[in-house]
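Please read the structure below before turning to the comments.
The values are calculated or read from the model by the stated rules, or taken from the named source; none is laboratory data. Computed from a predicted structure; not experimentally measured. When we count neighbours, we look across all protein chains shown, and the Cβ atoms used for this are built from the backbone with ideal geometry, even at glycine.
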Amino acid sequence: MQLDCYLNFDGKAEEALNFYAQCLGGKVSALMRYEGSPMDNKELPAAWKQKVMHGTVDADGAQIMASDVPPGMGGGGYKGFAVSVWIKDGVDRARKVFDALAAGGKVTMPFAPPFWGGHFGMLVDKFGVPWMVSCE
């Protein structure tokens, strides 16, 4: 089984995917636009034709997917969950990922050794997405 994260945005999916690719050391792939898709109809606002219908960031064998959700369809507004990333390459890389994701956002728990061991921190990124970053 593989469990993946799929985030919805109010028009900033491409910016978010590029940000996550940079933070996680990955690359954006499978970027599809609304234009030319079955969603490209008279109900789709013209400003949304170049928005992301689907996109993926691949990083170290993991992926995070996202799309822009047209107005009134429930994009963004994250509550009651967090994206969790476990960094296997050690504390230094985990701290770099944490600091990169926190840029422009808000740290809710500093990246430090918790009572259970390893290192752990929590943040809300500049797009409003909550994250937990941990390592051994």
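Observations, loosely collected:
- Lys96 vs. criteria outside the structural domain of Tyr6 (by TED's automatic domain parsing) and surrounded by 11 or more Cβ atoms within 10 Å (Cβ to Cβ): yes
- Only one of the numbered conditions (1) surrounded by 13 or more Cβ atoms within 10 Å (Cβ to Cβ); (2) over 25 Å from Met132 (Cα atoms) is not met by Glu43, and that is (1).
- Residue pairs meeting the criteria (Cβ under 8 Å; at least 6 apart or on separate chains; first without any contact (Cβ under 8 Å) to a residue 60 or more places away in the chain, in the stretch 105-124; second assigned to a loop (DSSP other than H, G, I, E, B) and among the aliphatic types (A, V, I, L, M)): Met122/Ala82
- Residue selected from the stretch 80-132 under the condition in contact with a Ser or Thr (Cβ under 8 Å, 6 or more places away or on another chain) and β-branched (Val, Ile, Thr), by the criterion nearest to Gly11 (Cα to Cα): Val124
- Being among the β-branched types (Val, Ile, Thr), more than 28 Å from Ser134 (Cβ to Cβ) and under 16 Å from the mean Cα position of the chain (by Cα) holds for only one residue in Val28, Val83, Val52, and it is Val52.
- Just one of the listed residues (Asn18, Asn8) is surrounded by fewer than 19 Cβ atoms within 10 Å (Cβ to Cβ), under 11 Å from the mean Cα position of the chain (by Cα) and either touching a residue at least 60 places away in the same chain (Cβ under 8 Å) or more than 26 Å from Val124 (Cα to Cα) (or both), and it is Asn8.
- Filter result for Lys106 (in the same structural domain as Gln2 (by TED's automatic domain parsing), surrounded by fewer than 16 Cβ atoms within 10 Å (Cβ to Cβ) and more than 25 Å from Gln2 (Cβ to Cβ)): no
- Asp10 vs. criteria in contact with a Gly (Cβ under 8 Å, 6 or more places away or on another chain) and of a type in the set (Asp, Glu): yes
- Take the conditions (1) out of contact with any helix residue (DSSP H, G or I) (no Cβ under 6 Å at 6 or more places or on another chain); (2) crowded, with 17+ Cβ neighbours inside 10 Å; Phe81 misses just one of them, which is (2).
- Qualifying positions in the stretch 119-136 - part of a loop (DSSP other than H, G, I, E, B) and under 19 Å from Gly80 (Cα atoms): Asp125, Lys126, Phe127, Gly128, Val129
- Counting only residues that are within 14 Å of Ala16 (Cβ to Cβ), modelled with pLDDT of 90 or more and not β-branched (Val, Ile, Thr), the stretch 64-93 holds 4 of them.
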